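The values are calculated or read from the model by the stated rules, or taken from the named source; none is laboratory data. Just so we're clear, the structure is a prediction, and the values are computed from it rather than from any experiment. Reconstructed Cβ throughout: ideal geometry from the backbone, glycine too, with neighbour counts over all protein chains shown. Heavy atoms of the whole protein, side chains included, go into the accessibility calculation; ligands, DNA and RNA do not. Shrake-Rupley method; radii C 1.70, N 1.55, O 1.52, S 1.80 Å.
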Amino acid sequence: RPTTPRARCLEAVVSTQSTGALGVVGLGCEDALMHLLNYVWPNVFETSPHVINAVMEAVEGLKCALGPVKILQYTLQGMFHPARKVRDVYWKIYNGLYISAQDSLVSSYPRIPDDEKNSYVRHELEYFL
């Protein structure tokens with residue numbers, strides 16, 4: 001268990017947010033969940049293992065409620081940060097996101113213009129859009 005009162009409280013709050021996010025999937029509470037995500041997200045850099053697990057669980061719950069594209073938008077900002085400790089946390093989140101929802105992420109990747117050798121157009125996606 002976390003040793004400091006702050007860490008115990010943070011673990012309880014983040015765990016509650018995870019459960020709440022899973023409980024309101026599809027009920028139109030996206031604005032409130034985005035607000036909660038903004039409170040959870042700064043805690044991805046916590047050092048207590050219990051808090052880290054609770055935060056990752058909350059991110060997974062919010063991914064189910066908000067969709068993986070919203071979590072990807074938050075994740076992309078730190079994946080190429082100069083500090084290795086920051087990159088490691090963001091890549092851990094991205095890898096979990098990629099494993100659980102890689103088909104949903106395709107539509108959110110940026111478009112890359114074609115060059116002389118390669119064609120990067122995703123025709124099937126453009127048919128759908």
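Which order do the peptides 9-17, 23-31, 61-69, 40-48 come out in when sorted by mean C-beta neighbours inside 10 angstrom, highest first?
On the way: 9-17: 17.9, 23-31: 11.0, 61-69: 19.7, 40-48: 16.3.
Packing order, densest peptide first, comes out as 61-69, 9-17, 40-48, 23-31.
Return the calculated 222 nm mean residue ellipticity for the chain, to the nearest 500 deg cm²/dmol, obtained by summing -39500 (n - 2.57) across DSSP H runs with n ≥ 4 and dividing by the residue count. My calculation for the chain gives -21500 deg cm²/dmol from helical runs alone.
What's the magnitude of the charge dipole for the chain around its Cα centre, counting Lys and Arg as +1 and Asp and Glu as -1 at the beta-carbon? Answer in Debye, nearest 20. Don't skip to the end; give the middle numbers.
On the way: 12 positive and 13 negative charges, 126 e Å.
For this selection, approximately 600 debye.
In order along segment 115-121, the Karplus-derived 3J(HN,Hα) couplings, from 6.51 cos²θ - 1.76 cosθ + 1.60 at θ = phi - 60°, round to 10, 5, 9, 10, 10, 9, 5 Hz, and Gly and Pro are given as x. Of the complete DSSP H runs in the chain, those spanning 18 angstrom or more by Cα along the long axis with a mean Kyte-Doolittle score not below 0.5 are 49-66.
Ratio to report: Rg/Rh of the chain, with Cα atoms as the point set and Rh obtained by the Kirkwood method; give two decimals.
Working: Rg = 17.0 Å, Rh = 16.2 Å.
Result for the chain is an Rg/Rh of 1.05.
Taken per residue, the accessible surface of the chain reaches 66 Å², heavy atoms only and a 1.4 Å probe.
The aspartates and glutamates whose alpha-carbon is closer than 17 Å to the alpha-carbon of residue 85, local same-chain residues fewer than 8 away aside, are 46.
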